[in-house]
1. Which parts of the range 561-597 would a label at residue 506 reach, counting a residue when its backbone N lies under 14 Å from a point 7 Å out along Cα-to-Cβ?
2. How would 346, 400, 406 rank on accessible area, largest to smallest, probe 1.4 Å?
3. Would you mind calculating the gained length between residue 87 and residue 496 on full extension (0.36 nm times residue separation, minus the Cα-Cα distance), in nm to one decimal?
4. Using 0.36 nm times the number of residues separating residue 34 and residue 244, minus their current alpha carbon distance, what extension gain do you get?
5. Using a Förster distance of 56 angstrom, determine the FRET efficiency expected from the C-beta separation of residue 387 and residue 213, and round it to 0.05.
6. Assign unit charges at the C-beta atoms only (+1 for Lys and Arg, -1 for Asp and Glu), then state the dipole size of the chain relative to its Cα centre in Debye, rounded to the nearest 20.
7. Of the heavy-atom accessible surface of the chain (probe 1.4 angstrom), what whole percent is carbon and sulfur?
8. List the lysines whose Cα lies under 16 Å from the Cα of residue 270, skipping any in the same chain that are fewer than 8 positions away.
Amino acid sequence: MLNIRSILFFVGTCCLFAACEDAQEQESTTYSFDMEPLTIDVTDPNSAANFSEVAVTHLDWDAVVNFDTKTIEATALWTIDNKAGSEKLILDTDDLTIKNVTLDGGEKTQFELKEEHPIYGRALEIEIFPETKQVAIEYATSPAAYAVQWLNPQQTAGKEQPFLFTQSQAILARTWLPCQDGPGVRFTYNANVQVPEGLMALMSAENPTEKSDNGAYSFKMEQPIPSYLFALSVGDLAFQKIGSNSGVYAEPSVVAAAAKEFEDLPKMIKAAEALYGPYRWGQYDIIVLPPSFPYGGMENPRLTFATPTILAGDKSLTSLVAHELAHSWSGNLVTNTNWEEFWLNEGFTVYFEQRIMEAIYGREYSEMLASLEYEGLKEEIESFRANKTLPDTRLKVELEGRDPEETFSGIPYNKGYLFLRNIEETVGREKFDAFLKEYFDAYGFKVMNTEAFIQLLNIHLIEGDETIAEQLNLNEWIFEPGLPAKHPIPTSDKFAEVEKLITDDMDYASIKETAANWSTHEWLRFVNKLPRDIGTEKMAQLDETLDLTNSTNAEIQAAWYKLAIANQYEAAYPNIEAFLVNVGRYKFLGPLYTEFAKTPGGLVQAIQIYEKARPNYHSVSSGRADKVLGLVK
Ligand code: BES
Ligand code: ZN
């Protein structure tokens with residue numbers, strides 16, 4: 001682990017910057033990392049690939065998508081850079097059938113699928129020559145490939161055509177592409193994809209805006225991406241333009257509503273660029289997927305994948321779009337070296353998301369968002385404590401031999417956010433913004449890890465100043481569990497007003513009157529701050545006045561249903577069941593199933609619902625829910 005004192009020494013001896021003393025001067029100074037970018041080694045505990053000897057650089061992917069067999073038959077033609085003159089190319093695979101492997105346009109070569117690792121799958125060792133330039137792998141995916149969800153027409157809005165989407169992050173790309181499956185390896189790609197006639201195919205690449213006549217599509221991704229951003233979606237899709245370089249794809253019956261919901265997208269792109277420099281990917285589109293999508297959003301380059309549960313009708317849940325857009329800088333441009341450094345992707349992105357929301361909707365709005373997350377973070381840390389897994393609340397985690405899934409939580413997001421906000425509040429916004437802009441510029445299309453980030457902070461922001469170092473408190477924020485005692489606390493006046501209404505003898509009529517003007521976020525604060533043991537009687541009274549059980553806002557539904565389960569307020573159960581069967585977004589499912597599982601009776605009810613719901617879920621969600629419900633260890 002990095003020793004902070006040695007860095008301070010390093011900074012002291014080669015101080016590269018003269019501090020800018022007044023803010024005025026600061027504003028007009030263009031900040032630059034006036035040095036060679038740091039050399040950052042990539043090692044990856046979650047990949048068997050030998051990328052430091054021989055690395056893939058480009059992919060030509062030819063694929064046929066077969067909905068009948070639920071398989072993708074493909075050839076992955078990799079161009080490689082054999083830096084070490086190695087005689088082996090090692091790729092990650094999981095549950096792939098490898099048919100044959102050829103080198104440089106023809107010659108068959110030997111390959112071996114190594115023994116299966118329970119988490120990482122099977123390494124594919126291919127014999128190559130030091131001078132080999134290209135390796136072609138003919139293969140097929142399994143119908144159970146973790147990354148891919150095959151939906152039947154019933155699971156779509158249109159109910160007539162099947163649908164498919166992939167989710168590669170964190171280490172699922174290897175279930176549909178033999179690849180060097182770590183975030184530290186980047187490649188460009190071209191693809192030819194054949195899908196059934198009448199469907200559209202889209203990738204994390206230059207995309208069509210109309211269906212082809214014969215189901216054949218070609219794609220090009222000219223910027224190098226890591227494997228976790230390799231993505232495909234196929235379905236009955238239509239496109240609607242939103243801004244000059246943005247638009248939305250969705251099923252035909254959804255696309256107009258989606259375009260309306262995301263109408264501020266051009267403003268978001270503009271705000272993001274004004275903060276941290278040009279958008280480097282050309283087009284920015286969003287695809288609204290069917291409700292089984294296991295995440296809220298996924299930042300696949302040029303084409304964010306999104307859940308339909310953010311279509312609230314009033315734009316109130318679109319901070320998720322700001323988040324995925326922000327990943328076009330944090331994550332997709334500057335990428336964590338491996339998944340132990342995940343907080344660098346997500347913490348930066350939440351910080352950036354907040355800044356975009358503040359720029360467009362004002363500070364009060366972004367503080368409401370931050371405050372909701374802050375409350376969630378404190379609760380989450382407490383549950384880690386209760387489960388005796390507090391070490392996983394460190395920003396930097398250990399993943400040797402583990403599945404990155406295991407440590408996935410809100411910690412890298414919201415603790416990461418607070419950490420960066422603490423830096424902002426310590427050094428001042430101007431200085432931090434200039435630093436970040438330069439950071440994205442200097443490290444675009446490169447990797448970053450915690451140690452290198454600490455070095456950059458030391459060189460450019462701390463500059464040997466002990467008071468700043470003390471306030472930044474880097475060691476505790478990054479390497480210690482929980483939250484440092486002194487941390488930024490988001491505050492909202494509107495929320496303070498909401499909380500005043502919650503009393504032992506609540507006046508339901510006046511709540512109703514005030515609530516008529518509430519935003520989604522005030523509703524969420526209200527529901528979240530209701531006493532956890534409020535009791536069915538008050539739940540019923542609230543429901544009668546506020547009709548919460550019938551809310552159509554997925555965030556409010558999830559918050560209210562959690563309380564309903566905790567209080568065994570059974571009037572809400574039919575809606576809860578419908579919600580759990582329809583929606584696959586784990587952020588909502590997890591807390592609801594967890595709440596059910598707290599009592600033996602609840603667990604029985606949950607398992608009954610789960611039997612109906614599970615077939616609709618993507619492997620990410622069913623895998624996690626299986627554990628929560630005690631169905632697997
Ligand atoms: N990249 C993540 C989703 C992800 C993380 C997938 C780890 C697989 C492994 C995405 O950007 C994300 O953070 N999505 C959030 C939304 C956000 C507003 C916090 C989600 O899905 O809830
Ligand atoms: Zn994210």
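1. Counting backbone N atoms under 14 Å from the label point, the list is 561-565, 567, 569.
2. 400, 406, 346
3. Taking 0.36 nm per residue and subtracting the Cα distance, the gain is 140.7 nm.
4. Result: 72.1 nm gained on full extension.
5. 0.55
6. On the way: 52 positive and 94 negative charges, 194 e Å.
Charge dipole, the chain, about its Cα centre: 940 debye, nearest 20.
7. Carbon plus sulfur share of accessible area: 48 percent.
8. Within reach: 437.
The values are calculated or read from the model by the stated rules, or taken from the named source; none is laboratory data. It should be emphasised that the depicted structure is a prediction, and the values quoted were computed from it without experimental measurement. Please note: Cβ atoms are built from the backbone with ideal geometry, for glycine as well, and neighbour counts cover all protein chains shown. To get the accessible areas, we keep the full protein, side chains included, count just its heavy atoms, and leave off ligands, DNA and RNA. Shrake-Rupley method; radii C 1.70, N 1.55, O 1.52, S 1.80 Å.
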